[in-house]
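Data first, discussion second: the structure below is written as structure tokens.
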Amino acid sequence: MSPLGRLFRRTPPSPQQSQQDRLLALASARSTLEGVHRLRPTGRAGVCARPLSSDAFNAFLKDLPRLLGGWGSTPRVLADSYGAHWVVLQEADFTSLLKEVQRTAQAFRERGFGDQLLVAVLPFRTESAFSEVRKTVLWIYHFRRGTFYPFIPLPGEKRDMAEEIAIADKMKEHLPIEGALEAWYPLWGIPWLEETP
Amino acid sequence: MNLQARRIPRDWGLLWRMTLVMALLAGLYLAFITFLNAVGVPWVFIAIIAGLMLGFQYFFSHKLVLWSLGAKEVTPQQYPRLHAMVERLAVQAGMPKPKVAVIHTDIPNALATGRNPKNAVVAVTTGIMRRLDDQELEAVLGHELTHIKNRDVMVITLASFFSVVAAMLTNWLMWALLLGGLRRDERGGMGMVMLVWLVSWLVYIVSQLLILALSRYREYAADYGGAILTGMPSQLASALLKISGAMARIPTEDLRRVEAANAFFIVSALKGETLLELFATHPPVHKRVERLRRLQQRLEWGR
């Protein structure tokens, strides 16, 4: 490439790269969540992927714990009642946890399964002495849209929409919040959420 | 159950602002009367007519309002759950149970009217009953009962007394100027009439703004009182959001099911205003929800 060509070469930031930065926005938003809303990360995260009837994909999922293991705890791969796959990550340090989520997503993309990635789920809990007001707020990160939305499940496949809207409005300066309320899809019955670590 | 425990604590900031608005309104009206007196307008005569008008409104407006909305009073046999809710809330608030009316329309709304707790009516539309669950409906009824308890009809009627006088003067003098003004020879008299017209018009505009502010504060006060009464501010917040239509846009179908159904799920096909725009068009709901949320937090954490 000529020097002139190099000068005018445009290298747009790859969308994947900028979206990964958006995921990390949760690391800096965490202090607000903890300080203002008394929400603490649970030390776990899940990456949700759509099913694909392909031997290569299933072999990749089987291989994933080995691929991602090495540092931190070994991730687990689960299937849920919707047929979706979950990669469950555990890491006490929140920023490291988010980096693990990024690594997982990167592994999917490197093998050409990036399109199967749906969302990353990052659960937060209130640390309250009163068990009746203890609640779970799930921050859902949508990989393709690169945005977050809160999901507060209640018993009986219900959700606390008022609280979700309120907390999203509060966090919109700190996080890339999904603006279209129509895209705030719930995820009922996440298999790894209820088990105690 | 100890009913005293449910006594409504005061929201001092709101009370202070409400007092300020009422003081401004009183100051405005006093200046107006002084002005009318100074220029020789028989304001006592006008005040008597305005008083009669407002008196009529005060005693009969609730009937007019309900009649114009097509509200029908209902018996406990027709709407047992609604009646039971109103009764329970009235007992908790320590006030007589108001009459209950239903409006047959799908537009979600609720209102309370009546000059005092003894003559009060609380009305809800069939639309609001269809959309809200029991706890949310109870929160809305709590808000309406607080309006009755705070005697908001009386407060607003009193606050608009001289506003009505100003409006009447503006109206009459405009016609007088248009029809009879040309016959006048005296230049001074003509100028005076115009001055009175102008001042009345200004008083009317300013007082309307103040009354609007006052009724907004009464809304906040009713939100507050209603939330304390039911002990569930978040339910009222949820009801407000549902009525505003924001809730209807949040999907209930699972993401994984949606994604499975649409293999070519086109992201940009999703339309809709952003959260920011939503709140730009509905600032009052947003603000009310925020206040209720803070109150909820205080109730949860403050003990």
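Just so it is clear, none of the values below were taken in a lab; they were calculated from the coordinates. What you see is a predicted model; the values in this text were computed from it and never measured. Note that we place each Cβ from the backbone using ideal geometry, even for glycine, and neighbour counts take in every protein chain shown.
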Arrange the following residues from fewest to most other Cβ atoms within 10 Å of their Cβ: B:Trp172, B:Trp16, B:Trp201.
B:Trp16, B:Trp172, B:Trp201
Got a sec? How would A:His142, B:His83 order by Cβ neighbour count within 10 Å, fewest to most?
B:His83, A:His142
Below 8 Å, C-alpha to C-alpha, sequence gap of six or more: please give me the relative contact order for region B:12-301 in percent.
19
³J(HN,Hα), Karplus 6.51/-1.76/1.60, whole Hz, each residue of region B:39-51, x for Gly, Pro:
8, x, 6, x, 5, 4, 4, 5, 4, 5, 5, 4, x
For A:Lys135, B:Lys149, order by how many other beta-carbon atoms lie within 10 Å, fewest first:
A:Lys135, B:Lys149
Given the pairs A:Lys135/B:Lys149; B:Lys97/B:Lys287; A:Lys170/B:Lys63; A:Lys172/B:Lys99, which span a C-alpha to C-alpha distance of over 32 angstrom in this model?
A:Lys135/B:Lys149; A:Lys170/B:Lys63; A:Lys172/B:Lys99
